[in-house]
1. Scan Ile147, Ile78, Ile137 and give me the residue that is more than 19 Å from the chain's Cα centre (by Cα), surrounded by 17 or more Cβ atoms within 10 Å (Cβ to Cβ) and within 16 Å of the ligand (Cβ to nearest atom).
2. Taking the options Val386, Val350, name whichever one is within 16 Å of the ligand (Cβ to nearest atom), buried (at least 24 other Cβ atoms within 10 Å of the Cβ) and touching a residue at least 12 places away in the same chain (Cβ under 8 Å).
3. Of the residues that sit in region 184-205 and are over 30 Å from Ala219 (Cα atoms) and touching a residue at least 12 places away in the same chain (Cβ under 8 Å), which one is nearest to the ligand (Cβ to nearest atom)?
4. Suppose we filter region 167-181 for residues that are more than 15 Å from the ligand (Cβ to nearest atom) and either of a type outside the set (Lys, Arg) or at pLDDT below 95 (or both); how many remain?
5. So which of Lys181, Lys189 ends up being of a type outside the set (A, V, I, L, M, F, W, C), outside any helix (DSSP H, G or I), out of contact with any Pro (no Cβ under 8 Å at 6 or more places or on another chain) and within 17 Å of Thr351 (Cα to Cα)?
6. Can you say whether Lys210 is over 28 Å from Thr155 (Cα atoms) and basic (Lys, Arg), as far as the supplied structure shows?
7. Can you tell me which of Gln359, Gln312 is within 16 Å of the ligand (Cβ to nearest atom), among the polar types (S, T, N, Q) and over 29 Å from Val84 (Cβ atoms)?
8. Quick one: in region 82-100, which of the residues that are within 12 Å of the ligand (Cβ to nearest atom) and without any contact (Cβ under 8 Å) to a residue 60 or more places away in the chain is surrounded by the most Cβ atoms within 10 Å (Cβ to Cβ)?
Amino acid sequence: MTVSIAEETLNPYKIAQQQVDAAAALLQLPEHVTNILKHPKRVLSVSFPVRMDDGSIRVFEGYRSQHNDAIGPTKGGIRFHPEVTLDEVKALSMWMSFKCGVVGLPYGGGKGGVICDPRTMSKGELERVSRAFMEAIADFVGPDKDIPAPDVYTTPQIMGWMMDTYSRLSGKFSPGVITGKPLIVGGSKGRNEATAQGCVYTILAALKDKGLPVEGATAAIQGFGNAGRIAARLLSEAGCKIVAVSDSKGGIYNAAGLDVELIGQLKDTASIADYGKQYSISNEQLLELDVDILVPAALENVITAVNADRIQAKIIAEAANGPTTPEADRVLAAKGITVIPDVLANAGGVTVSYFEWVQNLMHYYWSEAEVLEKLETNMIQSYVAVRDLAAEHKTDLRTAAYMISIKRIAAAMEARGWI
Ligand code: GLU
């Protein structure tokens with residue numbers, strides 16, 4: 001079925017449901033099972049007042065969606081962003097279920113979001129919003145129920161505040177309620193780099209499969225947050241040539257290669273645009289560059305029916321959640337572009353979150369080398385399983401990844417007598 005550009009939906013929830021349908025058809029899943037997977041089990045919508053620095057009181061809105069808890073507690077980040085919507089959070093919680101499934105974690109998917117713009121808030125305001133949101137959802141989450149983590153514009157410090165609020169409310173130190181915390185209060189070594197690190201492991205495996213050398217492979221990275229920034233560093237350390245990067249304000253491009261360290265310094269002190277006017281490029285242009293590797297590491301719906309045709313990368317590794325629409329997926333597949341789907345490419349983050357949670361429950365902490373070794377093994381095994389299943393069913397990596405996850409979730413629902 002072809003969908004015209006005019007018909008293409010950019011609603012992430014509808015997109016996630018279309019993706020479930022595609023995998024369910026190949027698995028010949030009964031309709032009631034597909035229907036369970038197409039809807040989150042529980043959704044909480046909250047509204048809470050916070051006193052701002054100027055003395056005024058602002059009312060914030062936030063959400064937490066728990067998609068499926070057949071395999072274990074739900075797990076997934078909380079994003080702070082002005083454009084957060086309920087449908088987006090629902091979709092992100094579905095993607096978390098499939099992400100945990102594809103890398104074999106004993107979790108279902110969850111996700112949260114608060115409509116706010118941390119870029120315009122003071123540290124005090126950010127702390128009060130973080131604590132108030134955790135207070136509003138405290139009954140809904142817990143180390144054995146639903147475990148949040150960082151996501152877009154949320155940081156280890158925010159996780160620290162949220163863990164503190166939850167611990168105060170429950171009257172005991174509860175590090176297992178949230179992951180991505182600062183190391184000193186139960187964070188895991190390697191968690192900060194985990195999303196990018198996992199993504200790089202899959203990129204290196206995909207380069208090998210395509211017979212492309214790592215040394216000198218060109219890469220463009222859209223988004224310079226936790227995932228994009230660290231992916232740029234790790235890819236460059238692996239021997240790739242980073243030719244373009246961007247953040248929400250715009251990007252820079254140099255075919256001869258960029259100085260990744262300098263860009264990091266500029267991001268911290270001023271703006272990456274200060275790298276030089278002559279290198280300036282838009283986010284849209286960056287996506288269409290002739291590179292070996294394209295890493296969308298920002299938000300949803302950046303590769304759509306509108307630009308898919310113009311994408312020239314050989315490998316797309318989705319460090320972001322939901323960057324590619326189903327219609328774009330079809331175009332990219334027809335062009336022979338390998339898309340390492342979000343549920344696999346960025347699963348390193350939640351994998352090390354799982355390690356963090358396990359360490360919290362055991363009160364026993366691992367070395368960075370131990371964490372990285374376990375991460376690499378898990379990412380490569382998962383990549384190989386997805387690649388092989390895709391080849392077997394002559395389908396794309398996303399559909400194969402969903403098939404693996406859906407099979408696991410369906411088996412758990414059956415074992416529990418839900419279906
Ligand atoms: N927000 C990250 C994601 O989308 C991490 C989730 C987690 O660590 O629970 O995968």
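1. That would be Ile137, the only listed residue that is more than 19 Å from the chain's Cα centre (by Cα), surrounded by 17 or more Cβ atoms within 10 Å (Cβ to Cβ) and within 16 Å of the ligand (Cβ to nearest atom).
2. None of the others qualify; the one that does is Val350.
3. Only one residue tops the list, namely Gly187.
4. Count: 6.
5. It is Lys189.
6. Judged against the criteria, Lys210 is a match.
7. Just a single option satisfies the conditions, and that option is Gln359.
8. Restricting to residues being within 12 Å of the ligand (Cβ to nearest atom) and without any contact (Cβ under 8 Å) to a residue 60 or more places away in the chain, the top hit is Ser93.
The values are calculated or read from the model by the stated rules, or taken from the named source; none is laboratory data. Quick caveat, the model's predicted, so the values are computed rather than measured. We place every Cβ from the backbone using ideal geometry, glycine too, and count neighbours over all the protein chains shown.
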